C-alpha cells in the first residue's frame, strides 16, 4: 500500500499500468474519492493527476469517456461523504490525533471558512480548483449546515467543471511532444498555478495585519 501511494504521489502512471492494468481505473477512482472525501487526506494529487490521466487517455492507455464519468462520480461522492462527515461529526474531527499529532489542522478549516466568506456559495465551485481548500470546503459546508440541495447543485457543477476541464486539457495537449517528454515539469507547473490563490491570500493577510 505504501508503495502504491508513493507512485501515485509521483504520478508514475507507467508503474500503475504495469502493476494494475485496467484496474488503474479503480485506483484513480479511489484517489479522487479519498482526496475529496476524507478531510484528513488533502495532500493527494488532484489537478496534476487529472491532467496526467487525460494525457494517457490521449495515447490510448485509457478510455476518455469511462475516465471522465468514473472520476466525476468519484469527485461528487467524495465531496458528499465529506459534507455529511462535517454535518454529523463536525468539529469533533479536530480532536482526533495520530501519533500524538492532530489528524486535521485547524488552520486549514480557518482558511476554508475565509474562502467561503469571501466568495459565498460559488466557493463550492471555485474550491474544486484550489488544493487543500477543495478537501475542506465540503466539510466546512457540512459543519455550517449549508442547505443540502443548494450544496449538491453547486457541487455537481463544480465537479463537472473540475474533472472535465483538467482531463480534457491533458487529452488535447497529450499530442504535444514537449509536454509528453516533460510531463513532470508540466505537473509541477499545474501544482504551482493551483496553489497561487493560497500564496496570494497568505501575503495579503500578512499585509493587512501590518
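The values are calculated or read from the model by the stated rules, or taken from the named source; none is laboratory data. Please read these numbers as outputs of a predicted model, since none were measured by experiment. Glycine gets a Cβ as well: all are built from the backbone with ideal geometry, and neighbour counts include every protein chain shown.
Quick look at the numbers
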item	result
Qualifying residue in segment 148-155 (condition: at pLDDT below 80 and either closer than 24 Å to residue 50 by Cα or not in a helix (DSSP H, G or I) (or both))	no
Segments classed as helices (runs of 4 or more DSSP H), wholly inside segment 1-94, with at least 3 members that are closer than 19 Å to residue 159 by Cα and more than 13 Å from the chain's Cα centre (by Cα)	24-37, 47-58, 64-88
Boolean, residue 200 is under 24 Å from residue 48 (Cβ atoms) and either surrounded by fewer than 21 Cβ atoms within 10 Å (Cβ to Cβ) or at pLDDT 85 or above (or both)	yes
Meets criteria (on the phi > 0 side of the Ramachandran plot, at pLDDT below 90 and touching a helix residue (DSSP H, G or I) at 6+ places or on another chain (Cβ under 8 Å)) for residue 90	yes
Of all residues making up segment 96-130, the number that are modelled with pLDDT of 80 or more and not in a helix (DSSP H, G or I)	1
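Each row is one residue, and each column tells you yes or no for (1) at pLDDT below 90; (2) closer than 19 Å to residue 132 by Cβ; (3) in contact with a strand residue (DSSP E or B) (Cβ under 7 Å, 6 or more places away or on another chain).
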| site | (1), (2), (3) |
| --- | --- |
| 16 | yes, no, no |
| 39 | yes, yes, no |
| 44 | yes, yes, no |
| 47 | yes, yes, no |
| 50 | no, yes, no |
| 61 | yes, no, no |
| 75 | no, yes, no |
| 94 | yes, yes, yes |
